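Reviewing the structure listed below.
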Amino acid sequence: MAARSMDKFSLYLEIVPLPVLAALVFVMGMIYLMMPANTRFYATFLIMPAWLAASLCPELGPLQAVTKISSGLLFLLVAIAAMLRPVPRRPLPGIIWLYLGGSLYLGLCLIGAENAFDELLIQFQWIMLVLAAIATVATVTRMEDLQILIKVLTAGSLLAILIPLSAVLLNPGEIFGKIGRFSPWGAMPNLIGITFLMGCPLFLYAILTTRSQFVKLIMAAALISSIGMTLITGSRQVAFSLAIAMALMCFPLIRRPGVLIAGGVGAFLILPFFAGLNEEAVNRLSSFDTSGRLSIWWEYFKLSFRQPLGLLGTQGQSAHVAPTVGQGNHAHNVFLDMLYVGGWPYLLTMASVIAVSLGSMWR
């Protein structure tokens, strides 16, 4: 079992040998340490979106292997950069530590899972991401810091969408993979869709707030291209989430008809190009076919009462698919996936944090 669980990790090391990886880490570490504290903090956020997008694309070869293996290290660098900033710290609410506690508990659930080494490596990356988020929240205490951070993330997201866009321009004949949906450089449609989901609101915010007409033009092109690529992923989850976010942000445009009309003209000219690449994937967005997911959700919900602690204490079960549900069907739902892996303790912990966060946003 241990040997099989290291297969994927070993495959990455075959693509990028360990000495080469160590040398890259050393060089990046030296550059990182030589940067001024504030520059170091923002630089990690600049490269993070593209780094994570590249890690989703197996056909990028060594680049994907390096970014995949080092994603956890990148999050750790974000946390360290935040902690080393010479700025005042804000007191953190106690409930924020439920994220860390929940992550550690989930690690315990995965110890006996199938391919445990790979799963624990992914869980390590999640823990590093939690620490990075906590450290960042503690040090971003001024509106000026937040504005700079948003601008840096916007620039980083612009770099990130160039990766799937390059597949459209350079490799158009192979961008739809085996499932007939947008899979740039071999990325899964639902996963690469998150790149667009994160980038589009940032691009729209830049359009609404910048005074530079050149920046507006660049951001508009990035926004429309990202929406176009979202359509051909055929991912209803990503498209629906993006529609909600964009609808909420578009309210200020009611009083700025010029921007709204210009955006509409741009969309009219560019979106048909993307839609024409794969009409079947676009049509999937308007389909109400659940592909049997309602029954799958019900089966996972019933399973949670037989395994109320998730995979804790079990041996050899997949961390992605319950063998007793259909024929290898995963949950197709993030909350039911939490319930399957971490059981009710993990789901209720995360639900508590989500509820408090929604209440805070409302206030």
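Taking segment 123-147 as the range and being assigned to a loop (DSSP other than H, G, I, E, B) and hydrophobic (A, V, I, L, M, F, W, C) as the test, only V140 passes. Kindly indicate whether Q317 is open to solvent by less than 50 Å² (accessible area, probe 1.4 Å), among the polar types (S, T, N, Q), within 15 Å of A113 (Cα to Cα) and at pLDDT 90 or above. Criteria not met by Q317. Of the candidates F203, F214, F196, the single residue that is part of a helix (DSSP H, G or I) and open to solvent by 60 Å² or more (accessible area, probe 1.4 Å) is F214.
Among residues of segment 230-251 that are under 12 Å from I194 (Cβ atoms), those with a beta-carbon under 6 Å from a residue that is surrounded by fewer than 16 Cβ atoms within 10 Å (Cβ to Cβ) at least six positions away or on a different chain give the pairs S235/N190. Residues in segment 324-341 that are aliphatic (A, V, I, L, M) and crowded, with 19+ Cβ neighbours inside 10 Å: V325, A331, L336, M338, L339, V341. Per the listing F176, F182, the residue uniquely within 18 Å of E279 (Cβ to Cβ), open to solvent by less than 30 Å² (accessible area, probe 1.4 Å), among the hydrophobic types (A, V, I, L, M, F, W, C) and in a loop (DSSP other than H, G, I, E, B) is F182. Taking each residue of segment 96-120 that is on the phi > 0 side of the Ramachandran plot and crowded, with 19+ Cβ neighbours inside 10 Å and looking for partners that are assigned to a helix (DSSP H, G or I) and not acidic (D, E) with beta-carbon atoms closer than 7 Å, six or more apart or interchain, yields N115/R4; N115/S5.
Scanning segment 44-79 for residues that are aliphatic (A, V, I, L, M), touching a residue at least 24 places away in the same chain (Cβ under 8 Å) and open to solvent by 20 Å² or more (accessible area, probe 1.4 Å) yields L46, I47, M48, A50, L52, L56, L60, V66, I69, L73, L76, L77.
Against the conditions (1) at pLDDT 85 or above; (2) open to solvent by 60 Å² or more (accessible area, probe 1.4 Å), R4 satisfies every one except (1). When segment 159-173 is filtered for residues that are open to solvent by less than 50 Å² (accessible area, probe 1.4 Å) and either at pLDDT 90 or above or among the basic types (K, R) (or both), the ones remaining, listed by number, are A160, I161, I163, P164, L165, S166, A167.
Filtering segment 317-346 to residues that are among the hydroxyl-bearing types (S, T, Y) and part of a loop (DSSP other than H, G, I, E, B) leaves S318, T324.
For (1) out of contact with any Pro (no Cβ under 9 Å at 6 or more places or on another chain); (2) at pLDDT 70 or above, each residue gets a yes or a no:
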| site | (1), (2) |
| --- | --- |
| F274 | yes, yes |
| A281 | no, yes |
| T290 | yes, no |
| R293 | yes, yes |
| I296 | yes, yes |
| F305 | yes, yes |
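Filtered by the rule that a residue be open to solvent by less than 70 Å² (accessible area, probe 1.4 Å) and hydrophobic (A, V, I, L, M, F, W, C), segment 22-43 gives A22, A23, V25, M35, A37, F41, A43. In segment 352-363, the residues that are at negative phi form Cβ pairs under 6 Å with partners that are open to solvent by 50 Å² or more (accessible area, probe 1.4 Å), at six or more places apart or across chains, as follows: V353/L98; V356/I95. Screening W344, W362 for residues that are exposed (fewer than 15 other Cβ atoms within 10 Å of the Cβ) and aromatic (F, W, Y) leaves exactly one candidate, W362. Just one of (1) more than 29 Å from H332 (Cβ to Cβ); (2) modelled with pLDDT under 95; (3) buried (at least 17 other Cβ atoms within 10 Å of the Cβ) fails for V152. It is (2).
Residue count for segment 190-225, restricted to those that are among the small types (G, A, S) and under 15 Å from the mean Cα position of the chain (by Cα): 2.
The values are calculated or read from the model by the stated rules, or taken from the named source; none is laboratory data. Because the structure is a prediction, the values reported are computed rather than measured. No Cβ is skipped: glycine too gets one built from the backbone with ideal geometry, and neighbour counts run over all protein chains shown. Heads up: the accessible areas ignore ligands, DNA and RNA and are worked out on the full protein's heavy atoms, side chains in. Shrake-Rupley method; radii C 1.70, N 1.55, O 1.52, S 1.80 Å.
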